[in-house]
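Structure record follows, encoded as structure tokens.
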Amino acid sequence: MVNETNEVDAPRVLRVALLGCGTVGAQVARTMLTQREDLAAKSGCELDLVGVAVHDAGRPRPGIPDELLTDDPEALVADGGADIVIELIGGIDPPRRLVLSAIDRGASVVTANKALLAKHGEEIYAAAEREGVDIYYEAAVAGAIPIVRPLRESLVGDQILTIMGIVNGTTNYILDKMTTEHQDFATALATAQRLGFAEADPTADIEGFDAASKAAILASLAYHSTVRIDDVYREGITGVTSEDIEAAESMGCVIRLLAIARLDEAGRIEVRVHPATVAREHPLAMVQGANNAIFVEAANAGRLMFMGPGAGGSPTASAVTGDLVTVARNRLRGVENPAHSVYQGLPVAPMSETRTRYHLRFQVVDQPGVLAAAAGLLAGNRVSIHSVHQHAPRADDRPTGTAVLSMVTHLAREADVMACIAELERTGYVHGQVRFMRAEGL
């Protein structure tokens, strides 16, 4: 509200409702309760936690007064009079309903819910703009790593050429263990679960759903267009074998699950999640353990790298609390930051039209002319070879009289490479399936 002297009448207290009290939510609540004075100094007002919605209000939460707990999130949003609602429940419903209800009541929203934004972001952003409130979601993409705000604010005057990142700590931990300790996939996954890096049901991580949600958000921000999770091409890491890891190492590469968004030559958005071989010299190849990293290339700013813990209670809570302070400052000033700009409205390119490099590996009859025949087949499908290596097969599981060909292509169209693979597998000189991996940073 602005008075006659054109000064904002700033309330000295903002009421905050917290939905969800898991690992992250509990940390946010404890931070708000134990650092009240510090948060007040940073935001310019007192942030009063008026309620915490939980599944079981009868179970004590250490450090959180019982009187703040409620098992009725709808009532907390509808009747709590909150100025800011923090949504940390996760999933689609009821969070979608609760967030829209909060916005309709004039509350700004802070969320870490990547699945919700990747599927219903367009609806939520439109509602926030209509009601003149904020929606902030730094924690939805890479935990404590600041990437949403740089794309949304710092780089908004630049042209983003490429975003490529490791945005899931579970898969990076597994692939790192498969590389550095030569564990197979099942062993590495079990280790990740035992250490708490992977859930009991790891499907969202290892099948790439989590990374795909984040890729949709990043692509939407970078290219000012609506990109939904259904637009993202997705492959997980369950098909990555120890042989794939060894083959990548022989090329001076490692395998990482990458989320990639870039513009193609036709001005369309390529957005995909899949395992890829990455040259060891590339910054993303050096990201180990459960860390996340996002590599951004912009027309004017050049190459930028954001790296750090992408998950966990404290890192994610840090990002949520940072958003809370920013939203509080905006409320005091009587302004809001547009949640999402879609002025470009760029289309998403089909995966079949994507162009990248490929690493092909297949077993052939070891006789003269086979290499030339394979090269000719690729050339006939408009796929050019960058490098080729022939080596003996493993003695334990390969027929005698055969060799293994490893080829790295130049930039090629996905559809052309898939056609090459299908033709190679039909020839008489190729044994079994052609293994392939998309390649980045070569």
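The values are calculated or read from the model by the stated rules, or taken from the named source; none is laboratory data. Predicted model only: the values in this text are computed from it and were never measured. Every residue, glycine among them, receives a Cβ derived from its backbone with ideal geometry; neighbour counts consider all protein chains shown.
For beta carbons closer than 8 Å, sequence separation of 6+ or different chains, a first residue in the stretch 409-424 that is touching a residue at least 24 places away in the same chain (Cβ under 8 Å) and over 17 Å from Val370 (Cα atoms) and a second that is buried (at least 20 other Cβ atoms within 10 Å of the Cβ) and aromatic (Phe, Trp, Tyr), the qualifying pairs are Thr409/Tyr358; Ala412/Tyr358; Val417/Tyr358. Would you call Gly157 of a type in the set (Gly, Ala, Ser), over 30 Å from Glu249 (Cβ atoms) and not assigned by TED's automatic domain parsing to the domain that holds Val273? When the stated conditions are applied, Gly157 does not pass them.
Please state which one of Asp230, Asp205 is in a helix (DSSP H, G or I), buried (at least 24 other Cβ atoms within 10 Å of the Cβ) and not hydrophobic (A, V, I, L, M, F, W, C). Matching residue, one of Asp230, Asp205: Asp205. Taking every residue in the stretch 116-142 that is in contact (Cβ under 8 Å) with a residue 12 or more places away in the chain and within 14 Å of Val327 (Cβ to Cβ) and pairing it with any residue that is charged (D, E, K, R) and surrounded by 24 or more Cβ atoms within 10 Å (Cβ to Cβ), at least 6 positions away or on another chain, the pairs with Cβ-Cβ distances below 6 Å are Tyr136/Asp323; Glu138/Asp323.
Taken over the stretch 335-357, residues that are assigned to a loop (DSSP other than H, G, I, E, B), under 21 Å from the mean Cα position of the chain (by Cα) and of a type in the set (Ser, Thr, Tyr) amount to 2. What about Lys177, is it surrounded by fewer than 24 Cβ atoms within 10 Å (Cβ to Cβ), in contact (Cβ under 8 Å) with a residue 12 or more places away in the chain and assigned to a helix (DSSP H, G or I)? Answer is yes for this residue. One residue is enough: does the stretch 262-272 have a residue meeting the conditions within 19 Å of the chain's Cα centre (by Cα), among the acidic types (Asp, Glu) and either outside the structural domain of Glu131 (by TED's automatic domain parsing) or not in a loop (DSSP other than H, G, I, E, B) (or both)? Yes, the stretch 262-272 contains a residue that is within 19 Å of the chain's Cα centre (by Cα), among the acidic types (Asp, Glu) and either outside the structural domain of Glu131 (by TED's automatic domain parsing) or not in a loop (DSSP other than H, G, I, E, B) (or both). The set of residues in the stretch 400-440 being of a type outside the set (Gly, Ala, Ser) and part of a loop (DSSP other than H, G, I, E, B) consists of Thr400, His410, Leu411, Thr427, Tyr429.
Matching residues to (1) in the same structural domain as Leu405 (by TED's automatic domain parsing); (2) in contact with a Phe, Trp or Tyr (Cβ under 7 Å, 6 or more places away or on another chain); (3) modelled with pLDDT under 95; (4) closer than 30 Å to Gln183 by Cβ:
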residue	(1), (2), (3), (4)
Thr226	no, no, yes, no
Ser242	no, no, yes, yes
Ala247	no, no, yes, yes
Ile255	no, no, no, yes
Pro283	no, yes, yes, yes
